[in-house]
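Before any comments, here is the structure.
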Amino acid sequence: MVVFDFDGTLFRGDLGYEWLRWLLRGSPARFGLFVLLLPLWAPLFLRRRWVQHGVRACFLIATLGRPHVSHADFLRDRAAVMRARLFTEGLAALAAERAAGRRVVIATGEYPPLVEDLLADLPGGCPPVLGSTVVMTRWGMDLRHHLQGRRKLEALEAAGHGHRFLRCYTDSATDAALIRASAGAVIVNVAESARAAFTARAAAKGSALRWVRWGLCSG
């Protein structure tokens, strides 16, 4: 089993952030409320364990009072731009793992249908995606379960993928638990100056780390 992260690994940037920005741009009133409440929600991003609550607040504000919110509307408008931000090297690595007969799964903090639809045109289709749980309430879109950190291991095991993996691909030390559970890890776009700190934070003594640079350009 080979596990891929999505944001920063297969996709340059954060797809959920792009969706959020698109939602806010389409509603000046909600954008105004978003800015007005900035002192309340912004501090939630200062500590890793609070991030889920910060993301939850942002999406609730962006969808407040909307009876229906569809990621498909966003992709209809922005799919070409978003697909242009997929790392070709990452997609090639995913295809190579599949071609070698290995099972591949994507474990991400993103909303699974968003990733599935964006990657639907891959040869063989999009791999299985484990991601965050989002539900619509009378108030707006609510992030009930943000899949990050150790939660990825729990979700992988619950989905029947076990708890040990041949390899993982990620750009973030927040995936430390996943790195430690993998025989090898491909680390994407971490600057050389930050690699020692990354290795220490991941405490990946039993994992072989391979550093790669994908899709980087000036500007």
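The values are calculated or read from the model by the stated rules, or taken from the named source; none is laboratory data. All figures in this text were calculated on a predicted structure; none of them were measured in a lab. Neighbour counts are summed over all protein chains in view; Cβ atoms, including those assigned to glycine, are modelled from backbone coordinates with ideal geometry.
Checked against (1) at pLDDT 95 or above; (2) within 23 Å of Arg85 (Cβ to Cβ); (3) in a strand (DSSP E or B); (4) not aromatic (Phe, Trp, Tyr), Leu166 passes all but condition (2). From the residues in the range 69-89 that are without any contact (Cβ under 8 Å) to a residue 24 or more places away in the chain and assigned to a loop (DSSP other than H, G, I, E, B), which one is surrounded by the most Cβ atoms within 10 Å (Cβ to Cβ)? Looking at the filtered set, the residue picked out is Ser70. Do we find a residue being in contact with a Lys or Arg (Cβ under 9 Å, 6 or more places away or on another chain), surrounded by fewer than 16 Cβ atoms within 10 Å (Cβ to Cβ) and under 24 Å from Gly16 (Cβ atoms) anywhere in the range 197-213? Within the range 197-213 (the criterion being in contact with a Lys or Arg (Cβ under 9 Å, 6 or more places away or on another chain), surrounded by fewer than 16 Cβ atoms within 10 Å (Cβ to Cβ) and under 24 Å from Gly16 (Cβ atoms)), the answer is no, since none of the residues qualifies.
Restricting attention to the range 28-48, the residues that are touching a Gly at 6+ places or on another chain (Cβ under 9 Å) and loosely packed, with under 15 Cβ neighbours inside 10 Å add up to 5.
Inspect the range 197-207 for any residue being under 18 Å from the mean Cα position of the chain (by Cα) and over 15 Å from Gly149 (Cα atoms) and give the result as yes or no. Scanning the range 197-207 turns up no residue that is under 18 Å from the mean Cα position of the chain (by Cα) and over 15 Å from Gly149 (Cα atoms).
If you go through the range 1-53 one residue at a time, how many are under 22 Å from Arg151 (Cβ atoms) and part of a loop (DSSP other than H, G, I, E, B)? Quick ask: steps written out before the conclusion?
Let us first name the residues in the range 1-53 that are under 22 Å from Arg151 (Cβ atoms), namely 1-11, 13-17, 19-20, 41, 44-53.
Filter once more, keeping what is part of a loop (DSSP other than H, G, I, E, B): 1, 5-6, 8-10, 13-14, 46-47.
Number of matching residues: 10.
Looking at Thr133, Thr88, Thr108, which is the one that is under 19 Å from Asp14 (Cα atoms) and in contact with a Phe, Trp or Tyr (Cβ under 6 Å, 6 or more places away or on another chain)?
Going through Thr133, Thr88, Thr108 in turn, the sole match is Thr108.
On the stretch given as the range 53-68, residues that are among the basic types (Lys, Arg) and buried (at least 19 other Cβ atoms within 10 Å of the Cβ) total 1. Inspection of the range 44-51 finds no residue satisfying the criterion of being β-branched (Val, Ile, Thr) and out of contact with any helix residue (DSSP H, G or I) (no Cβ under 8 Å at 6 or more places or on another chain). Only a single item in (1) exposed (fewer than 14 other Cβ atoms within 10 Å of the Cβ); (2) not in a strand (DSSP E or B) is not met by Val135, and it is number (2).
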